[in-house]
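The values are calculated or read from the model by the stated rules, or taken from the named source; none is laboratory data. It should be emphasised that the depicted structure is a prediction, and the values quoted were computed from it without experimental measurement. Positions of Cβ are generated from backbone atoms using ideal geometry, with glycine treated the same way; all protein chains shown enter the neighbour counts.
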Amino acid sequence: MSLVAEASAAPRSLLGTSGDAGGRRGDRIFSGLSTASGVLILLLLAGVATFLIVESVPALRASASELPGGETIVNYIAPLAFGTVLAAGIAVALGVPLAISVALFITFIAPRRLADPLGYLIDLLAAIPSVVYGLWGIAILGPSSVGVTEWLSDHLGFIPLFEGPASVTGRTMFVAGIVLAVMIVPIVSAITREVFKQTPKKLQEGALALGATRWEMIRMVVFPFGRSAMISGSMLGLGRALGETMAVTIILSVSGVVTFNLVSSGNPSTIAANIALNFPESSGLDVNALIASGLVLFAITLVVNMAARAIIARAEAE
């Protein structure tokens with residue numbers, strides 16, 4: 001019997017050894033591909049940064065008389081950076097609460113027969129080209145907002161944001177911010193919705209069993225569990241708003257001023273929109289100045305992502 005057992009065990013041991021060798025080979029291939037992909041991403045990022053820095057040097061060294069508008073490079077880029085941050089800030093302030101509210105409604109309130117189709121429709125917003133959003137903003141939202149901006153200017157004009165006079169065309173930073181807010185909703189909503197779904201059912205049921213209302217359960221259980229997702233989704237939405245080009249280019253009536261007034265016809269431009277408008281007709285140092293502004297946008301986006309990672313790491317540590 002022992003000989004028979006040993007004979008029958010031999011093929012199994014050989015198969016196990018072969019399987020282990022194949023598994024180790026697969027692990028090595030997977031590890032190599034993963035490492036190569038990570039290194040490739042870093043190389044691409046370094047290549048983009050190097051290109052922006054090298055091409056920006058001539059504009060950084062040039063005198064004001066050689067640059068667009070006869071201004072120094074700082075005075076040229078500062079209004080664009082201000083407009084970029086302002087438009088993105090409006091988008092986040094309006095879009096993130098809306099996106100989180102939509103995610104909560106789909107996950108915890110809406111019936112299943114409504115939640116799934118609504119989730120698909122919200123996700124579909126991400127597939128709409130930005131130029132379509134821009135056309136919607138200038139043709140429909142802009143003219144429709146004139147009455148609202150006039151009311152804000154008349155009744156809340158003491159606040160710098162609504163100082164006025166209100167634009168009669170609706171091509172304002174206020175409208176651009178609303179359009180950007182709509183554009184970031186599907187990104188933020190999709191991330192937070194998936195994490196909200198993973199909130200442990202036992203914790204939800206335990207909070208409800210202890211007498212918590214649905215809102216109290218969401219505030220005490222769901223929000224703490226999904227805090228890192230809400231932060232990361234918000235930062236991704238902010239990154240999308242910072243780099244948006246066509247929608248802002250179509251909507252804004254640009255005057256190049258630095259102002260917090262959101263309802264007037266005098267608006268700061270954004271870095272991406274300014275590059276899109278001026279790059280085809282630029283040459284020489286004008287191109288270098290545009291690339292220098294792109295370098296600033298790259299730095300802003302990098303800082304935003306690094307800050308997001310730091311916030312998420314701190315939230316997870318707590």
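Here is a yes/no grid of residues against (1) outside the structural domain of Val168 (by TED's automatic domain parsing); (2) touching a residue at least 40 places away in the same chain (Cβ under 8 Å); (3) surrounded by 16 or more Cβ atoms within 10 Å (Cβ to Cβ); (4) among the aromatic types (Phe, Trp, Tyr):
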residue	(1), (2), (3), (4)
Phe260	no, yes, no, yes
Pro268	no, yes, yes, no
Pro280	no, no, no, no
Asn288	no, yes, yes, no
Gly294	no, yes, yes, no
Arg309	no, no, no, no
Ala313	no, no, no, no
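Suppose we filter Ala166, Ala207 for residues that are at pLDDT below 90 and either touching a Ser or Thr at 6+ places or on another chain (Cβ under 6 Å) or not assigned by TED's automatic domain parsing to the domain that holds Leu262 (or both); which single one remains? Answer to the check: Ala166. Take the residues of the stretch 191-217 that are of a type outside the set (Ser, Thr, Tyr) and touching a residue at least 40 places away in the same chain (Cβ under 8 Å): which is farthest from Val102 (Cα to Cα)? The extreme case among them is Arg214.
For the stretch 148-194: of the residues being outside any loop (DSSP other than H, G, I, E, B) and among the aromatic types (Phe, Trp, Tyr), which is surrounded by the most Cβ atoms within 10 Å (Cβ to Cβ)? Only one residue tops the list, namely Phe174. Candidates Ala139, Ala81: the one that is farther than 21 Å from Phe196 by Cα, of a type in the set (Gly, Ala, Ser), in the same structural domain as Phe196 (by TED's automatic domain parsing) and touching a residue at least 60 places away in the same chain (Cβ under 8 Å) is Ala81. Do we have Leu302 as assigned by TED's automatic domain parsing to the domain that holds Tyr76, at pLDDT 85 or above and closer than 30 Å to Pro224 by Cα here? Yes: the conditions hold for Leu302. Mind listing whichever residues of the stretch 218-237 are surrounded by fewer than 21 Cβ atoms within 10 Å (Cβ to Cβ) and without any contact (Cβ under 8 Å) to a residue 40 or more places away in the chain? Arg219, Met220, Val221, Phe223, Pro224, Phe225, listed by residue number. Ala93 passes every criterion in (1) at pLDDT 90 or above; (2) buried (at least 16 other Cβ atoms within 10 Å of the Cβ) apart from (2).
When Thr192 is tested against (1) polar (S, T, N, Q); (2) under 19 Å from Gly83 (Cβ atoms); (3) out of contact with any Pro (no Cβ under 9 Å at 6 or more places or on another chain), just one condition goes unmet, and that condition is (2).
Of Val96, Val92, Val57, Val48, all but one fail to be of a type in the set (A, V, I, L, M) and over 20 Å from the mean Cα position of the chain (by Cα); the exception is Val57. Could you please let me know if Gly142 is over 30 Å from Glu216 (Cβ atoms) and assigned to a helix (DSSP H, G or I)? For Gly142, the condition - over 30 Å from Glu216 (Cβ atoms) and assigned to a helix (DSSP H, G or I) - is met.
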